[in-house]
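Heads up, the thing below is written out as structure tokens.
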Amino acid sequence: MPVDLSSTAKVRLDALLDEYPTPGMPGTVVGVVNKEGKMLYLRSSGVKSVETGEPMLPDTIFPIFSCTKVVTGIACMQAVEQGVVDLDEPVGRLVPELAEPKVVVDSTATTMELRNAEAPLTLRMLLTHTSGFTYSWYNQHLRNWVLQNPNAEFSGKHLDMPLVNEPGTKWEYGISVDWAGIVLERASGMKLGEWCQKHIFEPLGLVDSAFDLAGQDELLARASVLHQWDAEKGTSKPREHARKIAEVPLHSGGGGMISTAHDFLQILATLMNGGLGPNGVRILKQDTVTAMFEDQVAGVADLGGLAVDGVIETTDKSKANDALVMLPGHPKGWGLSFLMNLEDIPGKRRARSAEWGGIANLWWYADPTSEVAAIIFNSVLPYGMPGFIQIEGELEKTLYLPGSLVQVP
């Protein structure tokens with residue numbers, strides 16, 4: 001029988017949202033869905049812009065940043081199913097830029113010593129963050145690279161970044177899935193957004209998702225206002241972003257999608273339902289989805305931030321306000337494009353649930369065993385806003401309180 005939310009749980013979630021808005025900060029959208037795609041809860045709170053006071057609405061369009069990665073993972077696995085690309089063949093044959101990658105040996109703010117990588121890169125490495133690529137705000141070598149290449153990050157030139165680890169030897173979070181999207185583009189002859197439109201969005205009936213908003217004025221009018229948060233003052237102000245999501249230099253598989261809470265939750269419902277969409281259309285085989293939820297990094301020598309007590313320190317507080325600590329004290333793994341907890345978390349999600357988020361304080365998780373998924377969408381930089389971290393924890397606790405999840409005929 002399908003899972004639903006009890007009236008008591010909805011009242012508790014309403015109370016969380018009522019307390020969320022903070023003076024000087026924009027609002028949020030929270031949603032919960034079951035595996036059949038029924039929206040169990042969808043509500044907005046607060047304002048879309050602190051300057052205009054325009055209210056945040058449930059159908060607000062968000063740049064979802066790294067929440068994009070799971071969608072790119074689905075797209076790549078569709079291509080694997082179709083024989084368009086292989087998970088374990090060297091991707092250099094499709095993407096010459098990856099045929100002879102360089103690895104950082106040492107660096108300073110003004111120098112960069114590199115060597116040739118010994119192992120070839122594969123699509124599996126790119127989807128599991130074991131390729132050696134990373135982000136500048138979580139690695140000092142890449143921070144030094146950005147200092148030596150001003151204005152390169154997020155411009156398309158960030159793809160020139162070197163590796164920081166030998167391929168296949170360490171889990172380290174970064175731009176790998178951007179490259180996975182490019183592998184798909186080269187193999188299919190389609191832009192990533194075009195592939196997703198044809199094989200994911202249209203089949204599932206999703207009309208509010210895309211990789212750019214060029215010519216889509218109605219969607220652009222509903223776009224969230226990206227804010228810059230001042231941690232010391234506890235306030236924020238809008239920053240230019242709408243034009244940028246309308247005129248993108250590339251369809252970024254790691255962070256370039258825009259969507260609504262509803263659309264994204266329908267994708268999560270499809271994953272929980274073994275690739276079968278809420279509308280009855282299958283976009284992935286059950287075996288493929290099963291493989292996506294298998295731990296892909298069990299044999300990796302260095303788990304880095306995925307270790308039980310792993311910590312990923314920030315090197316740039318303008319993007320990540322604090323260190324990234326994922327499910328501390330719990331054994332973790334990585335599927336084909338998302339974080340997984342390998343054991344049940346008491347009072348919360350069951351084992352082999354999926355999770356990730358986005359740099360503008362976005363978060364999602366999907367628990368196939370409990371048949372429930374949830375999102376929190378914000379549009380505030382840098383990552384790590386205290387109110388967001390708090391509501392993330394309280395939302396999940398609320399969902400797993402006795403009597404919150406009920407089965408209905």
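Points to keep in mind about this one:
- Amide proton proximity set for GLY132, modelled H, under 5 Å, gap of 5+: GLY168, GLU172
- Linear extension gain, ARG115 paired with ASP18, 0.36 nm per residue minus alpha-carbon span: 29.5 nm
- For LYS317 and SER7, the difference between the fully extended length at 0.36 nm per residue and the C-alpha to C-alpha distance is 107.6 nm.
- Taking a span of 27 Å or more along the helix axis (Cα atoms) and a mean Kyte-Doolittle hydropathy of at least -0.5 as the rule, no DSSP H helix of the chain qualifies.
- Taking label points 7 Å from Cα along the Cα-to-Cβ direction, ALA301 and ILE345 give a separation of 3.1 nm.
- Length available on full extension from GLU232 to GLU97: 0.36 nm per residue minus the Cα-Cα distance, which gives 44.4 nm.
- Oblate is the label for region 103-187, because the ratio a/c of its alpha-carbon gyration tensor axes (a ≥ b ≥ c) is 1.5 or higher and a/b is not greater than b/c.
- Computed log₁₀ I(q)/I(0) - Debye formula, equal Cα scatterers, no solvent, region 87-149, q 0.18, 0.19, 0.23, 0.28 Å⁻¹: -0.71, -0.77, -0.99, -1.16
- Efficiency of FRET from Cβ geometry, VAL406 and GLU240, R₀ 30 Å, rounded to 0.05: 0.10
- Rounded to whole numbers, the Karplus 3J(HN,Hα) couplings from phi for region 47-56 are 10, 7, 9, 6, 7, 8, x, 4, x, 6 Hz, using 6.51 cos²θ - 1.76 cosθ + 1.60 with θ = phi - 60°, and x at Gly and Pro.
- Sparsely packed loop sites in region 323-409 (the GluC sites (Glu not before Pro) outside DSSP H, G, I, E and B with at most 15 other Cβ atoms within 10 Å) comprise GLU343.
- Theoretical ellipticity at 222 nm over the chain - DSSP helices of four or more residues, -39500 (n - 2.57) apiece, nearest 500: -7000 deg cm²/dmol
- Put in order of Cβ neighbour count within 10 Å, fewest first, the listed residues ASP217, ASP344 become ASP217, ASP344.
- Among THR134, THR110, THR260, residue whose mean-square fluctuation peaks in a GNM of the chain (springs only between Cα atoms under 10 Å): THR110
- Between region 74-88 and region 35-56, the alpha-carbon center distance in angstrom: 35 Å
- Relative contact order of the chain, pairs being alpha-carbon contacts under 8 Å that are 6 or more residues apart, as %: 24 percent
- Exposure proxy order (Cβ contacts within 10 Å, fewest to most) of ASP230, ASP208: ASP230, ASP208
- Exposure proxy shown here: for ILE345, ILE267, the number of other Cβ atoms within 10 Å sets the order, fewest to most, as ILE345, ILE267.
- Highest-MSF residue in the chain out of ALA269, ALA180, ALA109 [GNM, Cα springs under 10 Å]: ALA109
- Selected from SER224, SER188, SER379 as most flexible by GNM, with the chain as the system and alpha-carbon contacts under 10 Å: SER188
- Of LYS319/LYS397; LYS102/LYS317; LYS319/LYS348; LYS38/LYS285; LYS10/LYS319, those spanning more than 24 Å from alpha-carbon to alpha-carbon: LYS319/LYS397; LYS102/LYS317; LYS319/LYS348; LYS10/LYS319
Read the figures in this text as sums done on the coordinates, not as results from a lab. Computed from a prediction, not measured in an experiment: that's the story for all the values here. Quick reminder, even Gly has a Cβ in these numbers, built from the backbone with ideal geometry, and neighbours come from all protein chains shown.
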